[in-house]
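The structure under discussion appears below in the form of structure tokens.
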Amino acid sequence: MSLKDKIAIITGGGSGIGRAIARTFAKEQAINVLWDINLDAANDTKRLIEEETTNRALAMKVDVTKSSEVLAAVNDVLNKLGKIDILVNNAGGSLGLEGKQFSETREEDWNRIIDLNLKSVIICTRAVINHMIQRKYGRIINISSTAGLMGRIRMPFYSAAKAGVIGFTRSIARELAPLGITVNCVAPGLTKAGGYERLKQTSLLDESLKIPMGRPIEPEEVAELVTFLASDKASMITGCTYCISGGYWLH
């Protein structure tokens with residue numbers, strides 16, 4: 001699944017699933033651009049990539065909920081690397097609100113969750129799309145969640161935002177298909193990344209661990225699927241949502 005010389009932006013590339021995707025892309029010879037609000041984390045991923053492969057990477061501090069920062073970062077990437085082939089909209093998370101009853105939440109909580117998990121996907125896609133249209137080539141992979149398919153208990157805004165990612169993926173895929181651009185979605189179940197350690201402190205983990213295959217997903221397993229969708233082997237796949245949950249959710 002060679003990604004040789006492809007330029008890939010990975011949001012939230014400093015840790016968890018984003019880091020796993022970046023490392024897997026690098027092994028397939030992509031040049032990674034790691035966007036993260038935590039520049040130290042992005043630099044750690046860059047260091048790992050450069051230790052493990054001969055490929056270089058670029059680490060950038062970007063708040064993907066802010067259009068101005070994203071547009072400036074896209075222009076910086078184009079000036080330095082000349083093109084953008086792949087966008088992985090991975091940044092997201094429940095921001096420590098998992099387990100709260102709906103009645104306990106505040107409007108500012110809703111806005112933070114929706115901005116990070118849905119608005120960021122729209123902002124980043126909008127920022128790269130004209131460049132991809134001009135080149136008649138692009139791969140966009142959006143990271144959703146099984147929460148967006150089933151509605152996770154006591155995670156209403158996260159579930160709503162991740163469902164929105166799936167709907168956005170389907171719509172924009174139809175629009176961009178004639179232009180040589182594919183847009184797909186990956187919806188992981190419980191993964192050993194992000195809020196996994198926090199979930200271990202709540203009853204939500206007990207429910208989530210009712211996985212037929214008997215264990216949570218490793219970030220590297222999500223990365224392998226994303227790598228396939230980013231490759232030319234998936235050139236006729238678009239508008240699809242791939243659930244990777246060990247049988248927890250059948251879709």
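The values are calculated or read from the model by the stated rules, or taken from the named source; none is laboratory data. Because the structure is predicted, anything quoted here is derived from the model rather than measured. Cβ coordinates were reconstructed from backbone atoms using ideal geometry, including for glycine residues, and neighbour counts include every protein chain displayed.
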Practice item. Say whether the condition of being assigned to a strand (DSSP E or B), more than 13 Å from the chain's Cα centre (by Cα) and closer than 19 Å to residue 177 by Cβ is met by at least one residue in the range 128-138. Key: yes
Exercise for review: Return the total of residues in the range 93-119 being at positive phi and at pLDDT 90 or above.
Suggested key: 1
Point to revise | Cβ pairs under 6 Å, 6+ apart, first in the range 119-133 and farther than 18 Å from residue 143 by Cβ, second outside any helix (DSSP H, G or I) and modelled with pLDDT of 95 or more | key: 131/84; 132/138; 132/181
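In this structure, is residue 211 surrounded by fewer than 20 Cβ atoms within 10 Å (Cβ to Cβ), aliphatic (A, V, I, L, M), modelled with pLDDT of 95 or more and not in a helix (DSSP H, G or I)?
For residue 211, the condition - surrounded by fewer than 20 Cβ atoms within 10 Å (Cβ to Cβ), aliphatic (A, V, I, L, M), modelled with pLDDT of 95 or more and not in a helix (DSSP H, G or I) - is not met.
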Check your understanding: Quick one: is residue 87 under 21 Å from residue 243 (Cα atoms) and either touching a strand residue (DSSP E or B) at 6+ places or on another chain (Cβ under 8 Å) or not β-branched (Val, Ile, Thr) (or both)?
Key -> yes
Review point. Which residues, counting only those in the range 143-165, are of a type in the set (A, V, I, L, M, F, W, C) and free of Cβ contacts under 8 Å to residues at least 40 places away in the same chain?
Key: 147, 163
**Study point:** Residues of the range 214-231 satisfying the condition of being modelled with pLDDT under 95 and either under 16 Å from residue 183 (Cβ atoms) or part of a strand (DSSP E or B) (or both)
**Key:** 217
